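**Q** This structure is in structure tokens; I'll ask about it shortly.
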Amino acid sequence: GCVLVVSVIEQLAQWHNSTVKAAMERLCDYIPGKYQIMGRMLCCIDREMNADVVCHSLRLCKQDPGQLLCHLYSPPKLHHLCELMHPSTFLSLPLQKSFLGFSSVCAFPLLADLCEKIKYVLRNKLPFEDFDGDKFSTFPTLRGYHWRGRDCNDKNTTVYPGRRPDNWDAKSDSNCNGIWGVDPKDGIPYEEKFCKGADSKGVVLLGDSAGAHFHIPPEWMTVTQMSAKSFANLPMAFSDELDWPQFSEITGFLNSTIGGWTDSLYLRLRKRNRCNHRDLQNISQNGRGGRLIQEIRSGLARNQLLDNPAIVIYATIGNDVCNGERDTLAHMTTPKEMLSNVVQALRYLDSHLPNGSHVILTGLVDGRFLWDNLHDRYHPLGQLNKDVTYSQLYSFLECLQVSPCSGWLTPNETLRNLTSERALQLSNVLKEIARSEKFANFDIFYMDFPLRQTAEEWRRMGGEPWQLIEPVDGFHPNQIAAALGTGITWQRALHEWPQVFGKENPFNDQIEAIFKDQGGH
């Protein structure tokens, strides 16, 4: 993180033909509110030098004994490095003490409270602000309604998205789909008139960082595009763990503000049956593999007796083969472990999902796509001076042992192939589970992750495959890939499993007309 920030400062100085100190002040002014504290401390540096050197000097980066010296840029000559890496070179003693006292970003003043909130939601996968404890919130971030349907009464634990209506919601909206009250013309509750027999279902995603829709805005580190407007979404992004589930492939429901467009399984299901409004849950986690059962137990909100059935998408497309370990193959999930983990999770779902639910198992991606399409292209940090490729970024992250996927983000072709081989083995486990396992409360299906089909569709639209990957991390599918993938998944599912999504509600237009007539939406 330090290397990224210092790189941006140096490039701002170059782009605006200013001093490094003026560039630091410019960046600090761009950053909103309490987040300025990080920038303000870096604004004390007033000497141009390599970003790697600065961050090692501040000891925000370190070199452990026996480990390589990790660097994003070409290192300076050794004697210059030793001289420059001492903080006294460019920091006064009080500033040295103030910097070196921080072990992490969460130790910065004013950010500790936010970090504690984020730690809470990471542990529990539940909204931080949920006053009635029903696992739904009226607050957008910190695992709030960006992640699961918005609560319409956070003081009543029996009111939440996805439940069957209480007495057809004649007096109040118990399931938060906006349909309640009685038609004065005939005395029939609107919910009964429009939703009875409509086969209402919710959407639940059990996913990884791709499902959570991890995204770091490229304008945060592209100085030619940078302004105060670039960082307006920074507080929201941090409190959503740098995820954007509100735009994601499965549970997205808001118009995208990060490029591309939003198309999701939830939106298509809602369009098919307006009674499904707000019935969504995104139980995804950045960088966790093999802990599916824990995430379901803590995060799933479904009452077997009171709620509507759900379509559950299992899509951990990379977690089981991706890790930052040096001996990455030894830390991948084995087929035997995959079988045990998934069957255990499915048995738990069978005891909690309402009858008539469906589960779709999604295979793992072939991540060789990443190196093949990105390794020799310039990263946003390298576009100004043509000095940082994705290959360099991957090597930097690997050296730091924080690579999101050591097996695929590597120049070692043999390792990339072995990682894809393991991914295929695990996909075959999922395919066999879908073929052979039977459950009382849901049927189960398998589908491949549609990356190849998505790339082909994008080519037909005039695009290039590398444009489907997040530009900053060089790893996750981006907004365009998510939207195109939705269409491919939807069409295949409708063709092969028409029973999953139910019939189209003939009253959709009437429901929308009443909302518009009453000034709603």
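**Q** Please list, in chain and number order, the residues 5+ apart from Tyr446 or on another chain whose amide H is under 5 Å from its amide H, with Hs placed from the backbone.
**A** Sorted by chain and number, the residues that satisfy this are Leu361.
**Q** Specify, per residue and in Å³, the volume enclosed by the convex hull of the alpha carbon atoms belonging to the stretch 457-516.
**A** Here the figure is 162 Å³ per residue.
**Q** For the chain, what is the relative contact order in percent, using Cα pairs closer than 8 Å and at least 6 residues apart in sequence?
**A** Worked out over the chain, it gives 14 percent.
**Q** Let me ask something else about it. What figure in square angstrom, to the nearest 10, would you give for the accessible area of Arg59 with a 1.4 Å probe?
**A** 150
**Q** Among rounded, prolate and oblate, which fits the stretch 323-415 when a ≥ b ≥ c are the square roots of the eigenvalues of its C-alpha gyration tensor, a/c under 1.5 means rounded, and a/b larger than b/c means prolate?
**A** prolate
**Q** Quick one, can you get me the convex hull of the C-alpha atoms of the stretch 141-206 expressed as volume per residue in Å³?
**A** Taking only Cα atoms, the stretch 141-206 has a hull volume of 97 Å³ per residue.
**Q** If you don't mind, there's one more thing I want to ask. Restricting the count to DSSP beta bridges whose residues both fall in the chain, what percent are antiparallel, rounded to a multiple of 5?
**A** Of the beta bridges lying entirely in the chain, close to 20 percent run antiparallel.
**Q** Here's something else I'd like to know. Would you mind checking the tilt of helix 479-496 against the longest principal axis of the Cα atoms of the chain, expressed as 0 to 90 degrees and rounded to 10?
**A** Around 30 degrees separate the two axes.
**Q** Quick one: if you take sqrt(5λ) for each eigenvalue of the C-alpha gyration tensor of the chain, what semi-axes come out, biggest first, whole angstrom?
**A** Equivalent-ellipsoid dimensions as semi-axes: 44, 27, 21 Å.
**Q** Scan around Asn282 for amide H atoms under 5 Å from its own, H built in the peptide plane at 1.01 Å from N, and keep only partners 5 or more places away or cross-chain.
**A** Arg148, Leu205
**Q** On to the next question. How much accessible surface does Glu191 have with a 1.4 Å probe, in Å² rounded to 10?
**A** Here the residue's solvent-accessible area equals roughly 10 Å².
**Q** In what sequence, largest accessible area first, do Arg435, Arg274, Arg459 appear using a 1.4 Å probe?
**A** The ordering from most to least exposed comes out as Arg435, Arg459, Arg274.
**Q** Averaged per residue, what accessible surface does the chain expose to a 1.4 Å probe, in Å²?
**A** I get 45 Å² per residue for this part.
**Q** Run the numbers on the stretch 185-263 and let me know its relative contact order in percent, using alpha-carbon pairs under 8 Å that are six or more apart.
**A** Taking the mean separation of contacting Cα pairs over the length of the stretch 185-263, I get 27 percent.
**Q** Then there is this: Give the angle, between 0 and 90 degrees and rounded to the nearest 10, that separates the Cα long axis of helix 390-399 from the longest principal axis of the Cα atoms of the chain.
**A** Rounded to the nearest ten degrees, it is 80.
**Q** Tell me the mean residue ellipticity at 222 nm calculated for the chain from its helices only (DSSP H runs of n ≥ 4, each -39500 (n - 2.57), averaged over every residue, nearest 500).
**A** -11000 deg cm²/dmol
**Q** Can you list the HN-Hα couplings for the stretch 225-238, worked out from phi with the Karplus curve (6.51, -1.76, 1.60; θ = phi - 60°), rounded to whole Hz and with x for Gly and Pro?
**A** Those phi angles translate into 10, 7, 7, 4, 4, 4, 9, 4, 8, 4, x, 5, 4, 5 Hz.
**Q** Does the stretch 185-299 come out rounded, prolate or oblate, given a ≥ b ≥ c as the square roots of the eigenvalues of its C-alpha gyration tensor, rounded meaning a/c under 1.5 and, failing that, prolate meaning a/b above b/c?
**A** Oblate, since a/c reaches 1.5 and b/c is not below a/b.
**Q** Tell me the angle of helix 508-517 to the major Cα principal axis of the chain, expressed in degrees between 0 and 90 and rounded to the nearest ten.
**A** 80
The values are calculated or read from the model by the stated rules, or taken from the named source; none is laboratory data. Remember, it's a predicted structure, so these values are computed and weren't measured experimentally. Protein only, heavy atoms only, side chains kept; ligands, DNA and RNA dropped before computing areas. Shrake-Rupley method; radii C 1.70, N 1.55, O 1.52, S 1.80 Å.
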